[in-house]
Every structure is written in structure tokens, then in C-alpha cells.
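Data block below; observations after.
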Amino acid sequence: MPDQMIHTPDNTAPTEAAPRVLKVLLAGPRGFCAGVDRAIRVVEEAIRRYGAPVYVRHEIVHNRTVVEALEAQGAIFVEELDEVPADGQVVFSAHGVPKTVPAEAMRRNLLYLDATCPLVSKVHREAERHFADGGPESRHILMIGHAGHPEVVGTMGQLPPGAVTLINDAEEARTVQPADPSRLAFITQTTLSVDDTAEIVDILRDRFPLIEGPRREDICYATTNRQEAVKAIAPGCDLVIVIGSPNSSNSQRLREVAERSGAPRALLVPRLNALDWSALDGVGTLGITAGASAPESLVQEMVAALAKRFTLEIEEITVKEENVAFRLPAPLG
């Protein structure tokens, strides 16, 4: 009778390795600002009050997750007003619009709601004040901003053509040649890099000592706070992930600020399914933030996915508490 082979467990075999530890630094504040929150509520309240569909000219904010959620509720996003039927309700995006847009809406007798962020509207009023109807007190305006951005298009569209010159960067600030250097004013896009803008303003003030501007630059509180929060975490991170859309100016600036502030790498990731997990190879400390148009749900979705792959040590670093809120515009408010 052949010998029987008896199989016993090999207790010396290695067990499955425990997930490696990943330290996560969450920047605070992050995500939605008061202007974005207000714009979303404008669309939701318009749908509730008037029924679907409600048309929205351009993305209400630069985030596909937000846009898709509003589409599911009955919002229809269009590029121009000629896509809105005669009996339609239309909302203008948080970035603001040129004056020709509400004028066209009124000409067509469209019911429109203006979801422009109040801090962007403040810049519009500054531009009008400096222009002073083109009278003897009028100043030519230099706008610090990025060409083609909806906020820049809307702000420059508050005044007649030629009243505003766009300054994209420090080099343009050094070379711009206004007709009358003694009668100038500057305004800024609200979602710029704080440091880059300060450099441009210094150049303009040095070249044109009589230039007028706001007491502090027009960069909004939310942009400033989110950049300061990234500066606080970046030096201690191997990688910073900024959750936000590629067409979001404030999100792009957060990525740039992270790299300038000491993070070896910074990635802009729209949402979890766009993350290349190999980017976390060798990362011991990960920083996470979100642009002002990105919902907190995207942050929590990413943290939950990380927890399935790593043993997380999470630390929230908050540089400032925010309690800003804006009322809805008439007739919703």
C-alpha cells in the first residue's frame, strides 16, 4: 500500500501584507465658496418655482459634477440666448456676463435671473466707477486677468470697446503703453494667483504712480483662503491633489500654488475616476484640497477610495474659518 501524503498548513508562509500607511493632509478651507453655493441655489430654486426646464447660459460654475446634478433636476445648459425659447427662464452663470446679454434677454422678453457672484459684481461696479461714462474724470482701465475666461469677458463687457486693456501677466504689465499714463485704474479677475497678481500690481504701480485701484486687490476671499491653505500643507507633502475641473481658474491656480510652495508634485484631478493610482507610488504624505467650484462630496469620495487601499492617518489643517453667505437675487430672495 503506498504511503499516504499528508498535507499540513505551512505556517511559515508569509501572510498578506497590511496596507501601507498614507498620511493625508486635508486643506481647509476647500471646496464650495459662498458665490458658487448661491449660484447653484439660484438654479435649484428657479426649477422649484418655475418648473423644468430652466435654461442656464454657460456652465453655472466650472464643475461637471455640479452641472450634471443640475441637469438631472431639469436644467438645460446653453451657450447663447438664441438657444432659449421665447417662453423660457434663463439663469446667467456665476462668472458674470457682458451688458449685451441682459439687454438681449430684455429685448426678447425672457425672464432672466442673474447668478453672478456678488464679488464679481463688485468688480463690475468698480470698472463703471473708474470709467465714469467716458467723461472728464474717466480713467482707462487695466484689467489683470486671463484672456477668454468668462469672468474677464463679462467684466470687460460692462464698458464700451477700448475702455479696458487686458493684462495677462507680468510681461504685459511691463510693456503696456496706455495713451494717458496719468489717468489709469486697475481691476483684477477674482480667481487669480494672489502672488502673481501682487507682482503685476507692483509693476503697474511702479510704472504708473498715479494709477488707481481697489484698497485691496479684487481676488475674492475664497480664492485667497484656499491658496493660503495649500501653502500651509504643500511643504510637508510628497504630492498634492487638487480636486477641480481643468477649466476652473481657481483650481488651476491651487495646483500652481502647491508646486511653488514646496510640493514636489501637484495634480489637478476632476474626480476619483480620473485619478491614476500609480501617481501615489512612493507617496508617504498626500495633500488634498478642492477648488471653489468643487463639491465636498468629491473629496469624501476620494478619501473613501484611499481608505480601501491604504491605512490612512488624516489630519485637517485649517487656516481660516469661513462664514460668508450671499442672499439670492430678486425675485428669488
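Quick notes
- Restricting the first member to segment 85-108 and to residues that are in contact (Cβ under 8 Å) with a residue 24 or more places away in the chain, and the second to residues that are loosely packed, with under 11 Cβ neighbours inside 10 Å and polar (S, T, N, Q), the beta-carbon pairs closer than 8 Å and six or more apart or on different chains are A86/N109.
- Those residues of segment 189-234 which are among the small types (G, A, S) and either surrounded by fewer than 16 Cβ atoms within 10 Å (Cβ to Cβ) or over 13 Å from S249 (Cα atoms) (or both), in sequence order: A198, G213, A229, A232, A234
- Residue within segment 40-47 that is surrounded by fewer than 19 Cβ atoms within 10 Å (Cβ to Cβ), in a helix (DSSP H, G or I), basic (K, R) and free of Cβ contacts under 8 Å to residues at least 60 places away in the same chain present: no
- Top-ranked residue of segment 171-223 - restricted to ones that are more than 18 Å from M156 (Cα to Cα) and aromatic (F, W, Y), ranked as modelled with the lowest pLDDT: Y221
- Cβ-Cβ under 6 Å pairs, at least 6 apart or on other chains, segment 167-188 side touching a residue at least 12 places away in the same chain (Cβ under 8 Å), far side polar (S, T, N, Q): T188/T197
- Qualifying residue in segment 71-84 (condition: in a helix (DSSP H, G or I) and among the hydrophobic types (A, V, I, L, M, F, W, C)): yes
- Being over 29 Å from R183 (Cβ atoms) and out of contact with any Gly (no Cβ under 8 Å at 6 or more places or on another chain) is a condition met by no residue of segment 130-138.
- Top-ranked residue in segment 83-105 [being modelled with pLDDT of 95 or more and surrounded by fewer than 15 Cβ atoms within 10 Å (Cβ to Cβ); ranked as nearest to M143 (Cα to Cα)]: K99
- Tallying residues that are in a loop (DSSP other than H, G, I, E, B), farther than 27 Å from A170 by Cα and not β-branched (V, I, T) within segment 95-147 yields 8.
The values are calculated or read from the model by the stated rules, or taken from the named source; none is laboratory data. Quick caveat, the model's predicted, so the values are computed rather than measured. Cβ: placed from backbone, ideal geometry, glycine included. Neighbour counts: every protein chain shown.
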